[in-house]
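Working notes, structure below.
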Amino acid sequence: MSRPGFVLEVDERTPPLLVHEGERLRLETFPLGTRVVYPPESLPGLPDVDAAIRQALLNPLGTDPLPELLFRGMRLTIAFDDISLPLPQMQLPDVRQRIVEAVLTMAAEAGVDDVKLVAANALHRRMTPAELRRCLGERVFRSFFPDSLTNHDAEDGQNLLHLGTTDRGEDVEINRRAAESDLLVYVNINLVAMDGGHKSVPIGLASYKSLKHHHNTHTMLHSKSYMDPPRSALHGSAARMGALVADTVKVFHIETTLNNDAFPSPYRFLTKREWEWSGKEQATMLAVKRGLDLAPAKVRHRIFRSMEAPYGVTSVQAGATDQVHERTLAAVHRQQLVEVDGQSDVLVVGVPYVGPYNVNSVLNPILAMCLGMGYFFNMYRGRPLVRPGGAMILYHPVPWQFSQLHHPSYLDFFEEVLAESTDPATIEKKFEQQYATDPWYIHLYRTSYAYHGVHPFYMWYWGAHAMDHLDDVIWVGADPRTVGRMGFRSASTMQDALQMASGSVGRSPSITYLHSPPFALADVR
């Protein structure tokens, strides 16, 4: 049986705690009294995933069984989450492959021969042929790529359809093929509580014209938190758009959840509590740490990119979006939710090597900020782990490093926009349109493997709630020049960081360390 996550108070007996800092690991001695929020241990995976998928398709929530929705001569489109999920990538077969194969089998039995598959990448970069093959499997890839297996193109005006506007004036414009199909099947992986539901079709298959209504500073400041959908303006906007989509498009939603088995052997010690490491695991940890410290950056990069997580699928549900997502969120909470009593003066997190937007790439400074202050800061329900006016201490080297292939507009944003202002509202007003409509960025998004020109703006806005909430942000072990450009400070050690933050939190602050990965969602009372 798995055990729930729990909160530990550091005392004299507590061993040094593991902290992820990019592609390295650190053993850190925390001050006495530090509160450590550990994620729950993994729930057991489903014993027969394929049977669970079939059961969900035949007994959906709020709609007819999938075979009854399929008929000869229909237009069927299957959309699926792109490579931003899960993290790390899962061991094969990917659950998306299993679901798509099951849907295609039922479609073939019904005589459906007009089938298209679309990666719901919104303004993310296109998936490469190799990434599509890995996600959906060799049989699906060979049968449909390239003509009937494509990436969504948010800049292809001929293949976008404007469905209308919500009662708040939000444009809803999505992939034309999906909108004009007799049935749109959406296949989702819900890694955290923010994912899924109406955040799938109206966002994953949308254009910039739609996305700008909720990916903006105002919405992010009113999303408290992104992981708490009822209190998230982002999710409120997506739900309004989703309701409009549902009026015109028949959507059959399939969602899955995963357990916390995020690292393969011999790295499974990374998901265990330090005092529970066996002698062998302690030796492995020290050997891995020493090897990573000595290895060249390219070697470290290759090691981490090759990791495949042995995730167990914990639930599969299908049918109408709202009913499906209610059960999905309950499954996510069973795996990730940890009850925490009150807020702290300081929140500490380690920022790992991979986030949703640097799969098979580098974690540039803006993405490091987004992962730490956009995602980990918001891993709460109720109230943030750190009080208003508190401090956040993050571990990551934050090198001045960018991928020209994947993130060309990020480099320009970092060197040009942030040199003038770091205020999200100012940046949005003065620079967003220029980057969003730049023809070169649009060309790279459509024909290469670049994120859309506006994407670094969205990632910067993702940290707006944390920036507004905190008085101080300090990065341990970071390049001072890089974090300085972003308006933050750097420190060599935890002790130095606490000394630097003393002006806002005092000399004896309460501290919470969010021990991650894997994920913990703090239910702060």
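Checking the structure you have, find out if any residue of segment 95-117 is outside the structural domain of PRO356 (by TED's automatic domain parsing) and under 22 Å from TYR445 (Cβ atoms).
Of the residues in segment 95-117, the ones outside the structural domain of PRO356 (by TED's automatic domain parsing) are 95-117.
Subsequent filtering for residues that are under 22 Å from TYR445 (Cβ atoms) retains 116-117.
Checked segment 95-117: at least one residue is outside the structural domain of PRO356 (by TED's automatic domain parsing) and under 22 Å from TYR445 (Cβ atoms).
Taken together, THR482, THR493, THR512 contain a single residue that is of a type in the set (Val, Ile, Thr), loosely packed, with under 15 Cβ neighbours inside 10 Å and modelled with pLDDT of 95 or more, which is THR493.
Just a yes or no: is a residue in segment 40-49 crowded, with 21+ Cβ neighbours inside 10 Å, touching a Pro at 6+ places or on another chain (Cβ under 8 Å) and part of a strand (DSSP E or B)? Scanning segment 40-49 turns up no residue that is crowded, with 21+ Cβ neighbours inside 10 Å, touching a Pro at 6+ places or on another chain (Cβ under 8 Å) and part of a strand (DSSP E or B).
Residue pairs whose Cβ atoms lie under 6 Å apart, sitting 6 or more positions apart in sequence or on different chains, and linking a residue in segment 425-450 that is acidic (Asp, Glu) to a partner that is not in a helix (DSSP H, G or I), are ASP438/GLY453. Return yes when GLY463 is under 25 Å from VAL505 (Cα atoms), surrounded by fewer than 24 Cβ atoms within 10 Å (Cβ to Cβ), at pLDDT 95 or above and small (Gly, Ala, Ser) and no when it is not. No, not satisfied. The residue that is nearest to SER508 (Cα to Cα), among those in segment 292-348 that are hydroxyl-bearing (Ser, Thr, Tyr) and surrounded by 15 or more Cβ atoms within 10 Å (Cβ to Cβ), is SER344.
Which residue is farthest from MET106 (Cα to Cα), if the candidates are limited to segment 58-76 and must be assigned to a loop (DSSP other than H, G, I, E, B) and in contact with an Asp or Glu (Cβ under 9 Å, 6 or more places away or on another chain)? Even if it seems obvious, please write down each step before you answer.
To start, the set of residues in segment 58-76 that are assigned to a loop (DSSP other than H, G, I, E, B) comprises 59-60, 62-65, 70-74.
Going one step further and asking which of them are in contact with an Asp or Glu (Cβ under 9 Å, 6 or more places away or on another chain), we end up with 62, 70-74.
Details: GLY62: 19, LEU70: 8, PHE71: 10, ARG72: 12, GLY73: 14, MET74: 13 Å.
Step by step, filter segment 58-76, then rank; the result is GLY62.
Scanning segment 409-432 for residues that are charged (D, E, K, R) and either exposed (fewer than 14 other Cβ atoms within 10 Å of the Cβ) or in contact with a Leu (Cβ under 6 Å, 6 or more places away or on another chain) (or both) yields a count of 5.
With a requirement of 3 or more residues that are farther than 28 Å from LEU76 by Cα, touching a residue at least 60 places away in the same chain (Cβ under 8 Å) and of a type outside the set (Phe, Trp, Tyr), the helices (runs of 4 or more DSSP H) lying completely within segment 183-234 that satisfy it span 217-221.
Conditions tested, residue by residue: (1) touching a Ser or Thr at 6+ places or on another chain (Cβ under 8 Å); (2) not acidic (Asp, Glu).
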{"position": "GLU23", "(1), (2)": "no, no"}
{"position": "GLU41", "(1), (2)": "yes, no"}
{"position": "PRO47", "(1), (2)": "no, yes"}
{"position": "LEU69", "(1), (2)": "yes, yes"}
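Does segment 394-408 contain any residue that is crowded, with 22+ Cβ neighbours inside 10 Å, touching a residue at least 12 places away in the same chain (Cβ under 8 Å) and assigned to a helix (DSSP H, G or I)? No. In summary, strands (runs of 3 or more DSSP E) completely within segment 411-525 and bearing 1 or more residues that are within 21 Å of the chain's Cα centre (by Cα) occur at 511-514, 521-524.
The values are calculated or read from the model by the stated rules, or taken from the named source; none is laboratory data. Please read all numbers here as calculations on a predicted model, not as lab measurements. No Cβ is skipped: glycine too gets one built from the backbone with ideal geometry, and neighbour counts run over all protein chains shown.
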